[in-house]
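The values are calculated or read from the model by the stated rules, or taken from the named source; none is laboratory data. No experiment lies behind these values; they were computed from the predicted model shown. Here the Cβ positions follow ideal geometry from the backbone for every residue, glycine too, while neighbour counts run over all protein chains shown.
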Amino acid sequence: MKRTYNKILTRISFLLALAVYFGSCTKGDEYKKYFEGGETVYTGKIDSVIVYSGKERVYVTGLFMADPKIVKLKAFWNGRKDSIEVPIQRTTGVDTLKLMIPVAEGVHNFEFITFDAQGNKSLPVFKTGASYGARYISGLINRPVANAFISETEEGVIEWGGMDLTSGVFGTQVKYQTIDNKEKLLLVPIDESENTLPKDYRIGTEVKYRTLFLPDTLSIDTFYTEYASTNFTRYVTSQYLKNTAAPFATSAFSGSRWGIPASWVTNTAVKNFLLNGAYYGGVDGNQNYRLTMEAGWSSNNLTSFTNGKIHQTTTLPAGKYEYVVDVNGASSSGSFFIAIAKGKDIPNIENLATQAKAYVSFVNRSGVITVPFELTEETELSFGFVGSLTGTGSTGQYWKVSSVKLKYLAK
(Lines give C-alpha, C1' and ligand atoms only; values in the text may rest on other atoms or scores of the structure.)
Protein backbone atom coordinates (compact mmCIF):
# COMPACT_ATOMS: atom_id res chain seq x y z
CA MET A 1 0.00 0.00 0.00
CA LYS A 2 2.76 2.41 0.92
CA ARG A 3 4.65 1.70 -2.35
CA THR A 4 1.49 2.33 -4.41
CA TYR A 5 0.94 5.69 -2.69
CA ASN A 6 4.51 6.78 -3.45
CA LYS A 7 4.09 5.97 -7.15
CA ILE A 8 0.97 8.14 -7.31
CA LEU A 9 2.82 11.10 -5.69
CA THR A 10 5.73 10.69 -8.12
CA ARG A 11 3.42 10.78 -11.15
CA ILE A 12 1.57 13.84 -9.89
CA SER A 13 4.86 15.70 -9.29
CA PHE A 14 6.02 14.84 -12.82
CA LEU A 15 2.81 16.13 -14.39
CA LEU A 16 3.00 19.38 -12.41
CA ALA A 17 6.58 19.90 -13.52
CA LEU A 18 5.58 19.44 -17.15
CA ALA A 19 2.75 21.93 -16.74
CA VAL A 20 5.06 24.51 -15.23
CA TYR A 21 7.64 23.98 -18.01
CA PHE A 22 5.22 24.32 -20.89
CA GLY A 23 3.49 27.24 -19.18
CA SER A 24 6.73 29.12 -18.84
CA CYS A 25 7.63 28.50 -22.50
CA THR A 26 4.30 29.91 -23.69
CA LYS A 27 4.69 33.12 -21.68
CA GLY A 28 8.24 33.63 -23.01
CA ASP A 29 7.07 33.44 -26.62
CA GLU A 30 4.26 35.88 -25.93
CA TYR A 31 6.78 38.46 -24.61
CA LYS A 32 9.00 38.08 -27.66
CA LYS A 33 6.30 39.39 -29.98
CA TYR A 34 6.78 42.90 -28.50
CA PHE A 35 10.32 42.99 -29.88
CA GLU A 36 9.57 41.74 -33.38
CA GLY A 37 11.60 43.92 -35.79
CA GLY A 38 13.86 45.16 -33.03
CA GLU A 39 13.61 48.15 -30.64
CA THR A 40 11.89 51.38 -31.97
CA VAL A 41 14.45 54.15 -32.68
CA TYR A 42 13.46 57.82 -32.88
CA THR A 43 15.50 60.59 -34.50
CA GLY A 44 15.90 63.92 -32.73
CA LYS A 45 12.98 66.26 -33.43
CA ILE A 46 13.40 69.81 -34.66
CA ASP A 47 13.54 72.39 -31.88
CA SER A 48 12.46 76.05 -31.44
CA VAL A 49 10.17 76.09 -34.48
CA ILE A 50 8.67 79.45 -35.51
CA VAL A 51 6.22 79.83 -38.41
CA TYR A 52 6.32 83.37 -39.83
CA SER A 53 3.36 84.67 -41.83
CA GLY A 54 3.65 86.03 -45.37
CA LYS A 55 1.90 86.76 -48.62
CA GLU A 56 0.53 83.38 -49.76
CA ARG A 57 3.47 81.73 -48.01
CA VAL A 58 4.96 81.01 -44.61
CA TYR A 59 8.59 81.03 -43.55
CA VAL A 60 9.67 78.38 -41.07
CA THR A 61 12.76 78.46 -38.88
CA GLY A 62 13.96 75.88 -36.37
CA LEU A 63 17.04 74.32 -34.81
CA PHE A 64 18.64 70.89 -35.25
CA MET A 65 20.36 70.47 -31.91
CA ALA A 66 22.01 67.13 -31.07
CA ASP A 67 21.13 64.31 -33.48
CA PRO A 68 23.76 64.15 -36.26
CA LYS A 69 21.92 61.37 -38.11
CA ILE A 70 19.08 63.54 -39.45
CA VAL A 71 19.08 63.64 -43.27
CA LYS A 72 15.68 65.12 -44.11
CA LEU A 73 12.60 66.89 -42.77
CA LYS A 74 9.00 66.63 -43.90
CA ALA A 75 6.36 69.27 -43.25
CA PHE A 76 2.64 68.43 -43.51
CA TRP A 77 -0.41 70.70 -43.57
CA ASN A 78 -3.99 70.79 -44.85
CA GLY A 79 -4.82 67.69 -42.85
CA ARG A 80 -1.68 65.96 -44.21
CA LYS A 81 -2.98 66.33 -47.77
CA ASP A 82 -0.10 68.66 -48.59
CA SER A 83 3.55 68.21 -47.69
CA ILE A 84 7.07 69.24 -48.54
CA GLU A 85 10.33 67.34 -48.03
CA VAL A 86 13.72 69.03 -47.66
CA PRO A 87 17.20 67.44 -47.33
CA ILE A 88 19.20 68.28 -44.23
CA GLN A 89 22.98 68.39 -44.07
CA ARG A 90 24.04 68.21 -40.45
CA THR A 91 27.26 69.71 -39.15
CA THR A 92 28.99 69.15 -35.85
CA GLY A 93 27.16 72.06 -34.22
CA VAL A 94 23.65 73.45 -34.10
CA ASP A 95 22.08 73.83 -37.56
CA THR A 96 19.22 76.13 -38.55
CA LEU A 97 16.22 75.36 -40.72
CA LYS A 98 15.14 78.13 -43.09
CA LEU A 99 12.19 76.95 -45.14
CA MET A 100 9.76 78.89 -47.34
CA ILE A 101 6.44 77.10 -47.94
CA PRO A 102 3.90 78.39 -50.49
CA VAL A 103 0.40 78.02 -48.99
CA ALA A 104 -3.07 79.36 -49.70
CA GLU A 105 -4.41 82.30 -47.72
CA GLY A 106 -5.65 81.30 -44.28
CA VAL A 107 -4.59 79.75 -40.98
CA HIS A 108 -2.74 76.42 -41.26
CA ASN A 109 -1.72 73.70 -38.79
CA PHE A 110 1.73 72.32 -39.58
CA GLU A 111 3.39 69.04 -38.56
CA PHE A 112 7.19 68.67 -38.74
CA ILE A 113 8.99 65.27 -38.67
CA THR A 114 12.70 64.51 -39.15
CA PHE A 115 14.18 61.29 -40.61
CA ASP A 116 17.55 59.55 -40.62
CA ALA A 117 19.05 57.52 -43.47
CA GLN A 118 17.41 54.30 -42.18
CA GLY A 119 13.95 55.83 -42.28
CA ASN A 120 13.66 56.27 -38.53
CA LYS A 121 11.55 59.32 -37.73
CA SER A 122 11.12 61.76 -34.90
CA LEU A 123 8.11 62.50 -32.81
CA PRO A 124 6.03 65.21 -34.58
CA VAL A 125 6.25 68.90 -33.76
CA PHE A 126 3.01 70.86 -34.29
CA LYS A 127 2.84 74.57 -35.04
CA THR A 128 0.21 77.01 -36.39
CA GLY A 129 0.90 79.72 -38.96
CA ALA A 130 -1.02 82.18 -41.16
CA SER A 131 -0.83 83.22 -44.78
CA TYR A 132 -2.38 86.40 -46.22
CA GLY A 133 -3.56 87.12 -49.73
CA ALA A 134 -6.19 88.82 -51.88
CA ARG A 135 -8.90 88.66 -49.23
CA TYR A 136 -6.75 90.47 -46.69
CA ILE A 137 -5.47 93.01 -49.24
CA SER A 138 -9.02 93.87 -50.36
CA GLY A 139 -9.78 95.17 -46.87
CA LEU A 140 -6.81 97.57 -46.64
CA ILE A 141 -7.62 101.28 -46.62
CA ASN A 142 -5.31 104.09 -47.70
CA ARG A 143 -4.45 106.69 -45.11
CA PRO A 144 -6.58 109.78 -45.69
CA VAL A 145 -5.02 113.12 -46.61
CA ALA A 146 -6.53 115.91 -44.54
CA ASN A 147 -4.74 118.65 -46.46
CA ALA A 148 -1.94 119.02 -48.98
CA PHE A 149 -0.54 122.40 -49.93
CA ILE A 150 2.50 124.33 -51.06
CA SER A 151 3.49 126.65 -48.24
CA GLU A 152 4.46 130.29 -48.48
CA THR A 153 8.07 129.11 -48.25
CA GLU A 154 7.61 126.96 -51.38
CA GLU A 155 7.56 123.59 -49.62
CA GLY A 156 5.13 120.72 -50.15
CA VAL A 157 3.24 119.93 -46.94
CA ILE A 158 0.92 116.96 -46.35
CA GLU A 159 -1.36 116.80 -43.32
CA TRP A 160 -2.48 113.20 -42.67
CA GLY A 161 -5.72 111.88 -41.25
CA GLY A 162 -5.90 109.23 -38.53
CA MET A 163 -5.85 105.42 -38.92
CA ASP A 164 -6.90 102.42 -36.83
CA LEU A 165 -3.53 101.24 -35.51
CA THR A 166 -4.86 97.74 -34.75
CA SER A 167 -5.04 97.16 -38.51
CA GLY A 168 -1.27 96.69 -38.63
CA VAL A 169 -0.61 99.98 -40.42
CA PHE A 170 2.88 101.32 -39.79
CA GLY A 171 3.58 103.93 -42.46
CA THR A 172 2.83 105.67 -45.73
CA GLN A 173 5.06 105.62 -48.78
CA VAL A 174 5.09 108.88 -50.76
CA LYS A 175 6.32 108.95 -54.36
CA TYR A 176 7.30 112.30 -55.87
CA GLN A 177 9.23 113.85 -58.75
CA THR A 178 12.42 115.80 -58.11
CA ILE A 179 13.51 119.03 -59.76
CA ASP A 180 15.84 116.99 -62.01
CA ASN A 181 12.95 114.70 -63.10
CA LYS A 182 13.87 111.72 -60.96
CA GLU A 183 11.40 109.64 -58.98
CA LYS A 184 11.96 109.35 -55.22
CA LEU A 185 10.24 107.50 -52.37
CA LEU A 186 9.69 108.82 -48.88
CA LEU A 187 8.47 106.74 -45.90
CA VAL A 188 6.27 108.60 -43.43
CA PRO A 189 5.80 106.79 -40.06
CA ILE A 190 2.20 106.34 -38.97
CA ASP A 191 2.73 108.45 -35.84
CA GLU A 192 3.56 111.54 -37.93
CA SER A 193 0.47 113.64 -38.62
CA GLU A 194 2.27 116.08 -40.95
CA ASN A 195 5.32 115.93 -43.16
CA THR A 196 7.12 118.30 -45.45
CA LEU A 197 8.44 117.00 -48.76
CA PRO A 198 12.19 117.37 -49.35
CA LYS A 199 13.34 120.58 -50.98
CA ASP A 200 14.07 118.73 -54.23
CA TYR A 201 10.31 118.19 -54.82
CA ARG A 202 9.32 119.65 -58.15
CA ILE A 203 6.33 121.86 -57.38
CA GLY A 204 3.38 121.24 -59.67
CA THR A 205 4.11 117.56 -60.36
CA GLU A 206 1.88 114.73 -59.19
CA VAL A 207 2.44 113.21 -55.77
CA LYS A 208 1.31 109.63 -55.13
CA TYR A 209 1.06 107.72 -51.88
CA ARG A 210 0.17 104.27 -50.54
CA THR A 211 -0.20 102.86 -47.04
CA LEU A 212 1.92 100.02 -45.61
CA PHE A 213 0.71 97.22 -43.34
CA LEU A 214 2.14 94.28 -41.38
CA PRO A 215 -0.84 92.02 -40.57
CA ASP A 216 0.86 90.54 -37.48
CA THR A 217 4.13 90.70 -35.59
CA LEU A 218 5.52 87.60 -37.37
CA SER A 219 4.88 88.79 -40.92
CA ILE A 220 7.85 88.69 -43.30
CA ASP A 221 5.96 90.55 -46.04
CA THR A 222 4.73 94.15 -46.16
CA PHE A 223 1.30 94.71 -47.66
CA TYR A 224 0.34 97.85 -49.59
CA THR A 225 -2.76 99.64 -50.74
CA GLU A 226 -2.98 100.83 -54.33
CA TYR A 227 -1.35 104.19 -55.04
CA ALA A 228 -3.57 107.24 -54.77
CA SER A 229 -2.70 110.78 -55.81
CA THR A 230 -3.31 114.08 -54.08
CA ASN A 231 -3.72 117.57 -55.46
CA PHE A 232 -1.45 120.06 -53.74
CA THR A 233 -3.03 123.37 -53.00
CA ARG A 234 -0.70 126.32 -52.97
CA TYR A 235 -0.77 129.49 -50.97
CA VAL A 236 -0.13 132.27 -53.45
CA THR A 237 -0.95 135.12 -51.11
CA SER A 238 2.39 136.85 -51.40
CA GLN A 239 2.32 136.65 -55.20
CA TYR A 240 -0.99 138.48 -55.60
CA LEU A 241 -1.88 140.32 -52.38
CA LYS A 242 -0.04 142.70 -50.04
CA ASN A 243 -0.20 143.52 -46.33
CA THR A 244 -2.27 140.44 -45.49
CA ALA A 245 -1.78 139.72 -41.75
CA ALA A 246 -1.76 141.43 -38.37
CA PRO A 247 -0.13 143.62 -37.44
CA PHE A 248 -1.35 145.28 -40.65
CA ALA A 249 0.85 148.11 -41.85
CA THR A 250 -0.81 151.51 -42.03
CA SER A 251 -0.49 154.34 -44.52
CA ALA A 252 -1.71 156.77 -41.88
CA PHE A 253 -2.28 156.48 -38.13
CA SER A 254 -4.16 158.66 -35.67
CA GLY A 255 -1.46 158.28 -33.05
CA SER A 256 -3.81 156.63 -30.58
CA ARG A 257 -5.84 153.74 -31.99
CA TRP A 258 -7.15 154.01 -35.54
CA GLY A 259 -5.28 153.78 -38.82
CA ILE A 260 -5.72 153.30 -42.58
CA PRO A 261 -4.37 149.98 -43.98
CA ALA A 262 -1.52 150.30 -46.47
CA SER A 263 -1.91 148.62 -49.91
CA TRP A 264 -5.70 148.36 -49.43
CA VAL A 265 -8.30 150.66 -50.98
CA THR A 266 -10.37 152.04 -48.09
CA ASN A 267 -13.36 154.18 -49.03
CA THR A 268 -14.50 157.31 -47.23
CA ALA A 269 -17.31 155.55 -45.33
CA VAL A 270 -14.91 153.27 -43.42
CA LYS A 271 -12.73 156.24 -42.32
CA ASN A 272 -15.17 157.42 -39.69
CA PHE A 273 -12.82 158.39 -36.86
CA LEU A 274 -12.02 162.12 -36.92
CA LEU A 275 -8.95 163.54 -35.20
CA ASN A 276 -7.44 166.98 -35.81
CA GLY A 277 -9.24 167.40 -39.10
CA ALA A 278 -8.15 163.98 -40.49
CA TYR A 279 -10.20 160.81 -40.84
CA TYR A 280 -8.98 157.31 -40.05
CA GLY A 281 -10.41 153.79 -40.21
CA GLY A 282 -9.74 150.25 -41.35
CA VAL A 283 -7.07 149.24 -38.75
CA ASP A 284 -7.53 148.95 -34.98
CA GLY A 285 -4.26 149.64 -33.12
CA ASN A 286 -5.75 148.35 -29.86
CA GLN A 287 -6.38 144.94 -31.47
CA ASN A 288 -2.86 144.11 -32.71
CA TYR A 289 -3.45 146.30 -35.75
CA ARG A 290 -6.13 144.03 -37.21
CA LEU A 291 -8.30 144.99 -40.18
CA THR A 292 -11.57 146.41 -38.92
CA MET A 293 -14.79 148.28 -39.48
CA GLU A 294 -16.47 149.80 -36.45
CA ALA A 295 -19.25 152.25 -35.65
CA GLY A 296 -20.68 153.50 -32.35
CA TRP A 297 -19.69 153.76 -28.70
CA SER A 298 -19.11 157.45 -29.27
CA SER A 299 -21.30 160.53 -29.17
CA ASN A 300 -19.28 162.48 -31.72
CA ASN A 301 -17.08 159.97 -33.59
CA LEU A 302 -17.08 156.53 -35.24
CA THR A 303 -20.26 157.50 -37.05
CA SER A 304 -22.59 155.00 -38.69
CA PHE A 305 -21.98 154.30 -42.39
CA THR A 306 -23.37 152.44 -45.40
CA ASN A 307 -21.38 150.32 -47.88
CA GLY A 308 -17.99 150.88 -46.34
CA LYS A 309 -15.35 149.01 -48.36
CA ILE A 310 -11.80 147.71 -47.87
CA HIS A 311 -10.32 145.81 -50.82
CA GLN A 312 -7.34 144.96 -53.04
CA THR A 313 -7.29 144.29 -56.78
CA THR A 314 -5.11 141.75 -58.59
CA THR A 315 -5.12 139.58 -61.72
CA LEU A 316 -5.25 135.76 -61.38
CA PRO A 317 -4.72 133.02 -63.97
CA ALA A 318 -7.41 130.40 -64.62
CA GLY A 319 -7.86 127.83 -61.87
CA LYS A 320 -9.62 126.89 -58.65
CA TYR A 321 -8.95 129.05 -55.60
CA GLU A 322 -9.90 129.68 -51.99
CA TYR A 323 -9.92 133.04 -50.26
CA VAL A 324 -9.21 132.25 -46.60
CA VAL A 325 -10.12 134.83 -43.96
CA ASP A 326 -9.30 134.51 -40.26
CA VAL A 327 -11.99 136.43 -38.38
CA ASN A 328 -10.98 137.44 -34.86
CA GLY A 329 -14.47 138.55 -33.91
CA ALA A 330 -17.68 140.20 -35.17
CA SER A 331 -20.76 141.75 -33.61
CA SER A 332 -24.05 139.91 -33.61
CA SER A 333 -25.74 142.68 -35.56
CA GLY A 334 -24.92 144.76 -38.59
CA SER A 335 -24.50 143.85 -42.25
CA PHE A 336 -21.00 142.97 -43.50
CA PHE A 337 -19.59 140.51 -46.01
CA ILE A 338 -16.41 139.00 -47.39
CA ALA A 339 -16.66 139.70 -51.11
CA ILE A 340 -14.87 138.80 -54.37
CA ALA A 341 -15.81 140.49 -57.63
CA LYS A 342 -14.51 141.10 -61.13
CA GLY A 343 -12.91 144.48 -61.79
CA LYS A 344 -11.36 147.12 -59.61
CA ASP A 345 -14.05 147.38 -56.93
CA ILE A 346 -16.44 145.24 -54.92
CA PRO A 347 -20.22 145.76 -55.20
CA ASN A 348 -22.47 147.48 -52.73
CA ILE A 349 -24.31 145.13 -50.39
CA GLU A 350 -27.54 145.39 -52.37
CA ASN A 351 -25.73 144.25 -55.55
CA LEU A 352 -23.71 141.35 -54.18
CA ALA A 353 -26.12 138.68 -55.38
CA THR A 354 -25.87 139.79 -59.01
CA GLN A 355 -22.37 141.29 -59.26
CA ALA A 356 -20.09 139.38 -56.88
CA LYS A 357 -18.06 136.36 -57.93
CA ALA A 358 -18.49 135.04 -54.38
CA TYR A 359 -19.52 136.49 -51.02
CA VAL A 360 -20.15 135.35 -47.44
CA SER A 361 -21.77 137.12 -44.49
CA PHE A 362 -19.72 136.90 -41.29
CA VAL A 363 -22.02 138.64 -38.81
CA ASN A 364 -21.57 137.07 -35.36
CA ARG A 365 -18.83 134.74 -36.65
CA SER A 366 -15.22 134.05 -35.73
CA GLY A 367 -12.54 131.66 -36.88
CA VAL A 368 -11.36 130.74 -40.37
CA ILE A 369 -13.85 131.32 -43.20
CA THR A 370 -13.04 129.85 -46.61
CA VAL A 371 -14.58 131.30 -49.78
CA PRO A 372 -14.05 129.07 -52.85
CA PHE A 373 -14.22 130.31 -56.43
CA GLU A 374 -13.11 129.25 -59.90
CA LEU A 375 -11.80 131.12 -62.93
CA THR A 376 -11.98 129.76 -66.47
CA GLU A 377 -9.61 132.42 -67.79
CA GLU A 378 -7.19 135.05 -66.54
CA THR A 379 -9.31 137.57 -64.63
CA GLU A 380 -8.90 140.84 -62.77
CA LEU A 381 -10.50 140.46 -59.33
CA SER A 382 -11.03 142.55 -56.22
CA PHE A 383 -10.92 140.90 -52.78
CA GLY A 384 -12.13 142.47 -49.56
CA PHE A 385 -15.00 143.52 -47.32
CA VAL A 386 -18.16 145.55 -47.60
CA GLY A 387 -20.36 146.56 -44.66
CA SER A 388 -23.02 148.83 -43.28
CA LEU A 389 -22.65 149.47 -39.54
CA THR A 390 -24.60 151.62 -37.08
CA GLY A 391 -23.94 152.78 -33.57
CA THR A 392 -24.75 155.28 -30.86
CA GLY A 393 -22.98 156.65 -27.84
CA SER A 394 -23.61 153.39 -25.95
CA THR A 395 -24.02 150.79 -28.70
CA GLY A 396 -22.06 149.75 -31.74
CA GLN A 397 -21.19 147.21 -34.39
CA TYR A 398 -17.81 145.90 -35.55
CA TRP A 399 -15.68 143.20 -37.11
CA LYS A 400 -11.96 142.31 -36.76
CA VAL A 401 -9.84 140.24 -39.18
CA SER A 402 -6.40 138.83 -38.32
CA SER A 403 -5.32 137.68 -41.79
CA VAL A 404 -6.33 136.90 -45.35
CA LYS A 405 -4.77 134.23 -47.58
CA LEU A 406 -5.19 133.16 -51.17
CA LYS A 407 -4.89 129.45 -51.91
CA TYR A 408 -4.50 127.95 -55.39
CA LEU A 409 -6.08 124.51 -55.71
CA ALA A 410 -5.70 123.28 -59.29
CA LYS A 411 -6.23 124.20 -62.90
*Go through the stretch 316-344 and give me each residue that's of a type in the set (S, T, N, Q) and in a strand (DSSP E or B).*
ASN328, SER335
*Right, GLY168: among the small types (Gly, Ala, Ser) and over 30 Å from LYS271 (Cβ atoms) or not?*
yes
*Kindly indicate which of GLY387, GLY391 is surrounded by 18 or more Cβ atoms within 10 Å (Cβ to Cβ) and assigned to a loop (DSSP other than H, G, I, E, B).*
GLY391
*Sort out which residues of the stretch 209-241 are in a strand (DSSP E or B) and either modelled with pLDDT of 95 or more or of a type in the set (Phe, Trp, Tyr) (or both), and write them in order of number.*
TYR209, ARG210, THR211, LEU212, PHE213, PHE223, TYR224, ALA228, TYR235
_I'd like to check something: does the stretch 396-410 contain any residue that is over 18 Å from THR314 (Cα atoms), in contact (Cβ under 8 Å) with a residue 60 or more places away in the chain and surrounded by fewer than 16 Cβ atoms within 10 Å (Cβ to Cβ)?_
yes
*May I ask you to verify whether GLU380 is surrounded by fewer than 14 Cβ atoms within 10 Å (Cβ to Cβ), in the same structural domain as PRO261 (by TED's automatic domain parsing) and either touching a strand residue (DSSP E or B) at 6+ places or on another chain (Cβ under 7 Å) or in a loop (DSSP other than H, G, I, E, B) (or both)?*
yes
*Residues THR217, THR178, THR222: which one is loosely packed, with under 13 Cβ neighbours inside 10 Å and on the phi < 0 side of the Ramachandran plot?*
THR217
*Can you name the residue in the stretch 251-295 that is free of Cβ contacts under 8 Å to residues at least 24 places away in the same chain and of a type in the set (Ser, Thr, Tyr) and is also nearest to ASN307 (Cα to Cα) among such residues?*
THR268
*If you go through the stretch 251-271, how many residues are within 19 Å of PHE336 (Cα to Cα) and assigned to a loop (DSSP other than H, G, I, E, B)?*
6
*Give the stretch 345-376 a look and list any residue that's surrounded by 12 or more Cβ atoms within 10 Å (Cβ to Cβ) and in a loop (DSSP other than H, G, I, E, B), or say none.*
ASP345, ILE346, PRO347, ASN348, PHE362, VAL363, ASN364, ARG365, SER366
*asked:* Of the residues GLU105, GLU111, GLU85, GLU56, only one is over 21 Å from THR217 (Cβ atoms), in contact (Cβ under 8 Å) with a residue 24 or more places away in the chain and acidic (Asp, Glu); which?
replied: GLU111
*Does any residue in the stretch 368-393 that is free of Cβ contacts under 8 Å to residues at least 12 places away in the same chain come within less than 7 Å, Cβ to Cβ, of a residue that is part of a strand (DSSP E or B) and aromatic (Phe, Trp, Tyr) six or more places away or on a different chain, and which pairs are these?*
none
*How many residues, within the stretch 158-187, are closer than 15 Å to GLU206 by Cβ, touching a residue at least 12 places away in the same chain (Cβ under 8 Å) and in a loop (DSSP other than H, G, I, E, B)?*
2
*Give the residues of the stretch 127-156 that are out of contact with any Leu (no Cβ under 6 Å at 6 or more places or on another chain), surrounded by 13 or more Cβ atoms within 10 Å (Cβ to Cβ), not in a loop (DSSP other than H, G, I, E, B) and not aromatic (Phe, Trp, Tyr), sorted by residue number.*
LYS127, GLY129, ALA130, SER131, ILE137, VAL145, ASN147, ALA148, ILE150
*Filter the stretch 191-205 for residues that are without any contact (Cβ under 8 Å) to a residue 40 or more places away in the chain and in contact with a Lys or Arg (Cβ under 9 Å, 6 or more places away or on another chain) and give the result.*
PRO198, ASP200, GLY204
*Considering each residue of the stretch 258-311, count those that are under 48 Å from the mean Cα position of the chain (by Cα) and exposed (fewer than 15 other Cβ atoms within 10 Å of the Cβ), and give that number.*
3
